[in-house]
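Report on one structure; see the data block that follows.
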Amino acid sequence: MLHPQLGELLLDCDVLRSPEPTVNILAYSAPPGSTDAALLDRVMDVSADAGPQEGSRHRIDS
């Protein structure tokens, strides 16, 4: 993943699929204690400070 402010993060991504075809959850993670885990924490902080963004919902086609 390339974050516009924090740069490249190497993350695992799990897709949790719902019976509802338009609902999926993406769960990003990094190994605990890694540089990428620290950057992921910063991404969450930056996102929380910025508030909701228009277009922040994404559809994933199977």
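If a residue must be open to solvent by 100 Å² or more (accessible area, probe 1.4 Å) and touching an Asp or Glu at 6+ places or on another chain (Cβ under 6 Å), how many such residues does the stretch 1-26 contain?
Summing the residues that are open to solvent by 100 Å² or more (accessible area, probe 1.4 Å) and touching an Asp or Glu at 6+ places or on another chain (Cβ under 6 Å) in the stretch 1-26 gives 2.
Looking at the stretch 4-20 only, could you name the residues that are out of contact with any Lys or Arg (no Cβ under 9 Å at 6 or more places or on another chain) and in contact (Cβ under 8 Å) with a residue 40 or more places away in the chain?
Val15, Arg17
If you take the residues of the stretch 27-46 that are touching a residue at least 24 places away in the same chain (Cβ under 8 Å) and out of contact with any Cys (no Cβ under 6 Å at 6 or more places or on another chain), which of them is most open to solvent (accessible area, probe 1.4 Å)?
Narrowing the stretch 27-46 to residues touching a residue at least 24 places away in the same chain (Cβ under 8 Å): 28, 36, 39-40, 42-43, 46.
Adding the requirement that they be out of contact with any Cys (no Cβ under 6 Å at 6 or more places or on another chain) leaves 36, 39-40, 42-43, 46.
Values: Asp36: 35, Leu39: 32, Leu40: 29, Arg42: 125, Val43: 19, Val46: 46 Å².
Among those residues, the one meeting the criterion is Arg42.
Working only within the stretch 1-35, note down all residues that are of a type in the set (D, E, K, R) and out of contact with any strand residue (DSSP E or B) (no Cβ under 9 Å at 6 or more places or on another chain).
Selection gives Glu20 alone.
The values are calculated or read from the model by the stated rules, or taken from the named source; none is laboratory data. All figures in this text were calculated on a predicted structure; none of them were measured in a lab. Cβ coordinates were reconstructed from backbone atoms using ideal geometry, including for glycine residues, and neighbour counts include every protein chain displayed. What goes into the accessible areas is simple: the full protein's heavy atoms, side chains included, and nothing from ligands, DNA or RNA. Shrake-Rupley method; radii C 1.70, N 1.55, O 1.52, S 1.80 Å.
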